[in-house]
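Reviewing the structure listed below.
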Amino acid sequence: MDSVNSKIPQSLGVESNLNENMRALKTNVNKDQREEVVRREFGRLWGVVFIIVFILLIGIAAVRFTISNTTRASVSGNLSLDNSYVFASPLSTCSDGISRVRITVFILDEGGFGMSGQSVDLAVTDSVGKAYFDISSTTANKYKIEAKVGNRVLPQNVSVGFSKENCL
């Protein structure tokens, strides 16, 4: 034990406390002194555990607060066509009039936050600035889908295809 203790830097002040506590436990010191040493060390341990748990809880609360404040849609920002986007899934399907392609449009403000309540052709954006449409076709063809907000067309568009070859 002394060889291990000699490797601990004395500048930390750990060696003397460790040696004192170990001697108190190993020697024939009375029971009250040994219990006092155990209580003191146990108290230090619980203090450290309490501090770690407290820091973790504060960290979790901070992350939850940040997430909840960054996922809300903007109602006061200025519409940005360049930040907004449209996509489709799947890009091609069967032209049977039943199979569908989902067109999703995100309307965002200048800060990149979704804008709720924006009219996109036949739908209104939800709380995160999203509007979606399901389309189908009985005619095999490729279609270019553009999204319009008010009288303004988003610069991004998406092409979807319907064909008889995609039918099972």
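The values are calculated or read from the model by the stated rules, or taken from the named source; none is laboratory data. Fair warning: this is a prediction, and the values are worked out from it, not measured in the lab. Because the Cβ atoms are built from the backbone with ideal geometry, glycine has one as well, and the counts that use them run over all protein chains shown.
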(request) Just give me the residues in the range 95-130 being surrounded by 20 or more Cβ atoms within 10 Å (Cβ to Cβ), among the hydrophobic types (A, V, I, L, M, F, W, C) and either farther than 20 Å from Val153 by Cβ or not assigned by TED's automatic domain parsing to the domain that holds Asn141 (or both), in sequence order. (result) Phe113
(message) Need a quick list: strands (runs of 3 or more DSSP E) entirely within the range 92-168 having at least 1 residues that are out of contact with any Lys or Arg (no Cβ under 9 Å at 6 or more places or on another chain).
(response) 101-109, 130-135, 141-149, 152-163
(request) Out of Arg64, Arg34, report the one residue that is touching a helix residue (DSSP H, G or I) at 6+ places or on another chain (Cβ under 7 Å) and modelled with pLDDT of 65 or more. (result) Arg34
